[in-house]
1. Return one number: the angle in degrees, 0 to 90 and rounded to the nearest 10, between the long axis of the Cα atoms of helix 43-53 and the longest principal axis of the Cα atoms of the chain.
2. Is any residue of segment 1-32 close enough, with backbone N under 16 Å, to a label point placed 7 angstrom from the Cα of residue 132 along the Cα-Cβ axis, and if so, which?
3. Per residue, how much accessible surface does segment 4-139 expose to a 1.4 Å probe? Answer in Å², no decimals.
4. Percent of accessible area on the chain owned by carbon and sulfur, 1.4 Å probe?
5. With r as the distance between the Cβ atoms of residue 119 and residue 90 and R0 = 22 Å, compute the FRET efficiency 1/(1 + (r/R0)^6) and round to 0.05.
6. Could you tell me the calculated FRET efficiency between residue 77 and residue 9, based on Cβ-Cβ distance and R0 = 30 angstrom, to the nearest 0.05?
Amino acid sequence: MMDRRKEILLQAISISFGILCLVAFQGVIEHLLGDSFQLLWYHPISFVLCGFLCTIPYFILDILQLHPILGLILHIFSVYAIVMLLGSICGWYADGQGAFLLSIGYFMVYIFVWIVTIWMGKKDAKQINEALKEIQDHEA
């Protein structure tokens, strides 16, 4: 499968990209509704920081080797806590409605990242299997 560095980078990029897509979508919707939309100078770097911080629970829980269901539940809530805390610190939301919308966005990005991770893992496994098959064909 993927080595740890590649997995960290893939997840961090996927998370950051997912956040960026949600923010872009929010900007378009607010523009169409005639509302103002403001992206502060530090928001893009906070998206990247969030991407990397959100990879930490995955590897901590992987080391602990908990029951898969317990690990998934702890992962969902620990990453959610990171997103909401960073969102509060960086001003991604100002009120309860903003926090609710961020929560919805969190689950959308969470699902997106797992789909990308599984897809890339399968792609890597397929490449490895093809390489092994080539080696076997050359030996035969």
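1. Tilt of helix 43-53: around 40 degrees.
2. Only 1-3 pass the distance filter.
3. On the way: 9270 Å² over 136 residues.
I get 68 Å² per residue for this part.
4. Numbers: 6920 of 9650 Å².
Whole-percent figure for carbon plus sulfur exposure: 72.
5. Numbers: r = 29 Å, r/R0 = 1.34.
After rounding to 0.05, the efficiency reads 0.15.
6. Taking R0 as 30 Å, the efficiency between residue 77 and residue 9 is 0.80.
The values are calculated or read from the model by the stated rules, or taken from the named source; none is laboratory data. Model, not experiment: these values are computed from the prediction. Reconstructed Cβ throughout: ideal geometry from the backbone, glycine too, with neighbour counts over all protein chains shown. What goes into the accessible areas is simple: the full protein's heavy atoms, side chains included, and nothing from ligands, DNA or RNA. Shrake-Rupley method; radii C 1.70, N 1.55, O 1.52, S 1.80 Å.
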